[in-house]
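The values are calculated or read from the model by the stated rules, or taken from the named source; none is laboratory data. Predicted model only: the values in this text are computed from it and were never measured. Glycine gets a Cβ as well: all are built from the backbone with ideal geometry, and neighbour counts include every protein chain shown.
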Amino acid sequence: ALALVLIACAPIAGAVAADLADTIHLIKPSVVAVGTYQPTRKPAADLLGTGFAVTDGLHVITSAHVVPRILDDEHRETLSVFLPRGDVVEARPVRLVAEDREHDLAVLRMAESPLPALALGDDQNVQEGQSVAFTGFPAAPALGLYPVTHRGIISAVTPAAVPPPSAGYLDHRMIQRLRRNFTVFQLDATAYPGNSGSPLFDPLSGDVIGVVGSVAVKETKERVLQDPSGITYAIPIRYAKELLAEIGR
């Protein structure tokens, strides 16, 4: 009887895997690496995170913390996105057009040659246990610009900041975050350096429901831990939508 159950279940798992494979094929052309480019530097590209094309295909959502505050204008350093094209990597200059530091989000804009734009979904009905995936460029300086997809579930829908066990852990940043608390998605899939800004999407529809961006959350939610965990968080896509609405997108 057990063998019959296993055999009956096998085609369902295969069908889900096939759907995710199709979704990844559609997602990858919209995902870019984010960093800086300086022609006289070795290597010329400094890869800092991930982003993805939205709206008209010229706008890119990423994490605010991967966007450098200062560029070396004297040596022609530019904020850029990087597109893998087989064995060749295309670097495109971009400019920062909107930023939401509270939710760790930023919008960049390319001048020309739009990419396929990802659909932004509805995060209001996201549930714990729901399957999700995210695609990005973890450890790109070491592993190269090859899009990597991780799959997991929503482990928890949780506040970005929780009250610490004692006042000794409170500082100005923690107090401000507790006053302006918001909900984030905790994932059971591990993100790595370079994944910040990756689109969190539904494995079947490809609709983006969040943006991987652990830094803003870990600074408050996990401050009480001496050794911060490897837990990954994602910012609900509603905040990216609000940021796009501010610039008329």
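When you look at LEU115, is it within 20 Å of GLY194 (Cβ to Cβ), at pLDDT 95 or above and touching a Gly at 6+ places or on another chain (Cβ under 8 Å), yes or no?
Numbers: within 20 Å of GLY194 (Cβ to Cβ): yes; at pLDDT 95 or above: yes; touching a Gly at 6+ places or on another chain (Cβ under 8 Å): yes.
Yes, satisfied.
How many of the residues in region 158-202 are modelled with pLDDT of 85 or more and not in a loop (DSSP other than H, G, I, E, B)?
Looking only at that region, the number is 9.
Name the pairs whose Cβ atoms lie under 8 Å apart, with the first residue in region 64-78 and under 14 Å from GLY194 (Cα atoms), the second charged (D, E, K, R), and 6 or more positions between them or separate chains?
Taking only residues 6 or more apart or on different chains, the pairs are ALA64/GLU99; ALA64/ASP100; ALA64/ARG101; ALA64/ASP104; HIS65/ASP104; VAL67/GLU99.
Of everything in region 115-137, what is more than 25 Å from ILE247 (Cα to Cα) and surrounded by fewer than 20 Cβ atoms within 10 Å (Cβ to Cβ)? Give them in sequence order.
If the condition is that a residue be more than 25 Å from ILE247 (Cα to Cα) and surrounded by fewer than 20 Cβ atoms within 10 Å (Cβ to Cβ), then ASN125, GLN127, GLU128, GLY129, GLN130, SER131 are the ones that fit.
Which of the residues spanning region 81-114 are within 20 Å of LEU244 (Cα to Cα), of a type in the set (Asp, Glu) and surrounded by 12 or more Cβ atoms within 10 Å (Cβ to Cβ)?
Passing the criteria: GLU99, ASP100, GLU102, ASP104.
When residues of region 27-43 are filtered for being modelled with pLDDT under 95 and either β-branched (Val, Ile, Thr) or surrounded by fewer than 14 Cβ atoms within 10 Å (Cβ to Cβ) (or both), how many remain?
Adding up the residues that qualify gives 4.
Report whether or not TYR146 is surrounded by fewer than 16 Cβ atoms within 10 Å (Cβ to Cβ), at pLDDT 85 or above and aromatic (Phe, Trp, Tyr).
On the way: surrounded by fewer than 16 Cβ atoms within 10 Å (Cβ to Cβ): yes; at pLDDT 85 or above: yes; aromatic (Phe, Trp, Tyr): yes.
Here the answer is yes, as TYR146 does meet what is asked.
Residues in region 48-80 that are closer than 22 Å to LEU26 by Cβ and crowded, with 23+ Cβ neighbours inside 10 Å: how many?
The first filter runs over region 48-80 and keeps only residues closer than 22 Å to LEU26 by Cβ, leaving 49-62.
Right, trim to crowded, with 23+ Cβ neighbours inside 10 Å and you get 49-54, 59-62.
Residues in region 48-80 being closer than 22 Å to LEU26 by Cβ and crowded, with 23+ Cβ neighbours inside 10 Å: 10 in total.
Is region 217-224 home to any residue that is surrounded by fewer than 24 Cβ atoms within 10 Å (Cβ to Cβ) and either modelled with pLDDT of 95 or more or in contact with a Lys or Arg (Cβ under 8 Å, 6 or more places away or on another chain) (or both)?
Yes, some residue in region 217-224 is surrounded by fewer than 24 Cβ atoms within 10 Å (Cβ to Cβ) and either modelled with pLDDT of 95 or more or in contact with a Lys or Arg (Cβ under 8 Å, 6 or more places away or on another chain) (or both).
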